[in-house]
1. I'd like to know which of V209, G397, A257 lies farthest towards the positive end of the charge dipole of the chain, counting +1 on Cβ of Lys and Arg and -1 on Cβ of Asp and Glu.
2. So which GluC sites (Glu not before Pro) in segment 299-375 pass both tests, a DSSP loop state and at most 15 other Cβ atoms within 10 Å of the Cβ?
3. Considering only the chain, what is the antiparallel percent among its DSSP beta bridges, to the nearest 5?
4. Would you mind estimating how fast segment 28-94 diffuses translationally, via Stokes-Einstein at 4 °C and 1.567 mPa s with the Kirkwood radius over Cα pairs, in µm²/s?
5. Using just the C-alpha positions of segment 139-259 as equal point scatterers, what log10 of I(q)/I(0) does the Debye formula give at each q in 0.09, 0.10 1/Å?
6. Equivalent-ellipsoid semi-axes (√(5λ), Cα gyration tensor) for segment 2-119, whole Å, largest first?
7. One quarter of the convex hull surface, Cα atoms only: what value does that give for segment 59-296 in nm²?
8. Hey, what does the equivalent ellipsoid look like for segment 135-205, semi-axes from the Cα gyration tensor as sqrt of 5 times each eigenvalue, largest first, whole Å?
Amino acid sequence: MNDSFHARWGESNEIMKKKGTWKTLRHLEGPMAARSPMENHGEVVILSSNNYLGLSNHPDVVAASKTALDRYGAGTASVRFICGTFTIHRELEEELARFSRTEAAISYVSCWTANTGAIPLLAGEGDIIVSDELNHASIIDGIRLSKAGRKIYSHSDMASLEEKLKQAAAERAPGGSILVITDGVFSMEGDLARLPGIVELARRYDAAVMVDDSHGTGVTGPHGRGTIEHYGLEGEIDVVTSTLGKALGGAAGGYVASSRAVIDALIQSSRPQIFSNALPASVAAGALEAVHLLERDPAILARLRENIRLLRNGLKKMGFNPLEGESAIIPIIVGKTAFAIDMSARLLEKGVFVTGFGFPVVPEGTARIRVQASAALSAANIDKALEAFAEVGREAGLIN
Ligand SMILES: Cc1ncc(COP(=O)(O)O)c(C=O)c1O
């Protein structure tokens, strides 16, 4: 053991603890649901999961996963192109392509892997990536892995996007592409990307558009097909990435949906496809069932929409001022990181599990409590949560 190496990390951890920015892992003792038992805290109402449709513990999703576990076993024990591709992968991918209204789709073990595996391949040397400044960390890391040039535009600012596109058009290599990348729903703000404006500008400057709709899939759009459906832009976006780890069952997994040509290129050359194991069959089957459930039971999406409304209106009525948006993410800006973490701890004492986010996840001074709605929540769960918010908000001096 190299003592000084470990001591260095111990010291840096102590600094975070002193600053009040240390994150404590909370252990759930039951499934992700509206309420779950938390070690040392008893039953808590969960307002901080991405279990938007409440399918993480849905009996049909669990049953589909169990059936696949029995049929295919625990894991693939291989990467896709050697011998790790099972028929359930094809079934899932065909369904995801249909759901996304694209020619084809390919799964990854997470959306993180999808973004970091697809971006460096789809934009390389001589190409230019144009990215929203608030894009998710997995997009940022995907861009870091790419040899393409990069331009960052101000968040959802179409004038800034146009300026960067003009520069990209002048700077790209002959025959090089421009790829605009944006979140569909921004995970810390809860706002939707301005896709109609983005698509229009991309057309004008001969750019392709890639949308990561991890927080939109299963949430936005008339049928829950996401932000692209919300804007009526299905078939107009060049590359869609999303997660299976949020609304669609919440286990794990991600995917890219695009033209057959793009998906074939990813199968051939995207590094995680070639050098990392495929999604476990049980997870693929659970996600497939989640897509089917979303389509056959519209009441699930209607419940989510109603719960978003109840939470947002309830918080506003008591004097909080959440950021506006149409997604299931309702952020309340509280200022300092330590304040957000302390507020989240106080809410937990009152039986409500909601996370405070601060630096470096969001810029210093804009720390926030991020409330996330779920179709799983009952009206009683929401009432209990709002009562806790009223008490803690008053104690913290945020509301009267
Ligand atoms: C916009 C966005 N993209 C990608 C991811 C990563 O998803 P996964 O958990 O499937 O890796 C997240 C997760 O927080 C996200 O919010």
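1. G397
2. Working: sites: E306, E324, E326, E349, E364; in loops: E324, E326, E364.
Loop-located and lightly packed - E324, E364.
3. Counting only bridges with both partners in the chain, antiparallel ones make up about 55 percent.
4. 89 µm²/s
5. Computed log10 I(q)/I(0) values: -0.25, -0.30.
6. 35, 24, 16
7. 11.8 nm²
8. 20, 16, 9
FYI, it's all coordinate maths here, none of it is from the lab. The structure presented is a predicted model; accordingly, all values stated were derived computationally and were not measured. We place every Cβ from the backbone using ideal geometry, glycine too, and count neighbours over all the protein chains shown.
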